[in-house]
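Reading through the structure tokens given below for one structure.
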Amino acid sequence: MNVLIVFYSMYGHIFRMAEAVAEGAREVEGAKVLLKQVPETLSEDILKKMGAVETKKAFSHIPVASVEDLEAADVVFFGTPTRFGNMCGQMRQFLDATGALWAKGALVGKVGSVFTSTATPHGGQESTILSFHITLLHHGMLIAGLPYTFTDQNRTDKVSGCSPYGASTIAGGKGELTPTEIDLAGAGYQGKYAASIAAKLMKP
């Protein structure tokens, strides 16, 4: 079973969540997990002004995804930071290039799952994931979220991310925060959960 995790990360938060998703997916027997990042659309100068050049070096070894990678996968996880309550432009541009896959129904029946990050607790975590689902539904993908059997998303004693729509984390206004144990546990749970569904669907 081919598990693909496609993400965009500027300051490393989504990359760390992607690693946690991968760890969870690897717990499923037969899962072959591959991490890839969508192409960058910003220039080096812009990234320098945003203070992202150094942070992106931490995952510069992760190969860049192509739309053909989606077709080869059995389950696809998408990780994106929030931009005004929606996915980031880099992810949107990547998905906008999947028209040929849509035309031949290449992703129909595949499992799709989304995780995200925001600067603040109310920065659009849920709207980003839910609006992302629209694209997956147009492709005929089967959506897997983060069920309430991951009970830590019910906790109120700590500020953390995660919802039934998918794992998430709070990055802070200047990217100063890191994913909490709950956030990473939710991402890992989601990885194992969605990969398990894909494995069941592949059984004869």
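Each reported figure results from applying straightforward, stated rules to the coordinates on display, with no laboratory input. Here the structure is a predicted model, which is why all the values come from computation and not from measurement. Note: ideal-geometry Cβ built from the backbone for every residue, glycine included; neighbour counts use all protein chains shown.
Before moving on, here are some points about what is shown:
- Each peptide in 115-124, 176-185 gets a packing score, the mean of other Cβ atoms within 10 Å over its residues, and the list from highest to lowest is 115-124, 176-185.
- Taking every DSSP bridge with both residues inside the chain, close to 10 percent are antiparallel.
- Rounded to the nearest 20 debye, dipole of the chain from Cβ charges on Lys, Arg, Asp, Glu: 140
- Span-like helix ranges in the chain, DSSP H, alpha carbon extent 27 angstrom or more, Kyte mean at least -1.0: 181-202
- Taking other C-beta atoms within 10 Å as the exposure proxy, Ile62, Ile170 rank Ile62, Ile170 from fewest upward.
- Helix-only CD estimate at 222 nm, as mean residue ellipticity for the chain, using -39500 (n - 2.57) per DSSP H run (n ≥ 4): -11000 deg cm²/dmol
- Above-threshold pairs, the threshold being 20 Å between Cα atoms, out of Lys36/Lys174; Lys104/Lys192; Lys57/Lys174; Lys49/Lys174; Lys57/Lys110; Lys32/Lys203: Lys36/Lys174; Lys104/Lys192; Lys57/Lys110
- Centroid-to-centroid separation of the stretch 130-187 and the stretch 53-129 [C-alpha atoms, Å]: 14
- Sorted peptide list for 6-12, 55-61, criterion being average Cβ within 10 angstrom, highest first: 6-12, 55-61
- In the frame of its principal axes, the chain has Cα extents of 50, 41, 28 Å, reported largest first.
- Footprinting exposure proxy for Phe15, Phe78 (fewest neighbouring C-beta atoms within 10 Å first): Phe15, Phe78
- Ordering of 16-25, 157-166 by burial proxy (mean other Cβ atoms within 10 Å per residue, highest first): 16-25, 157-166
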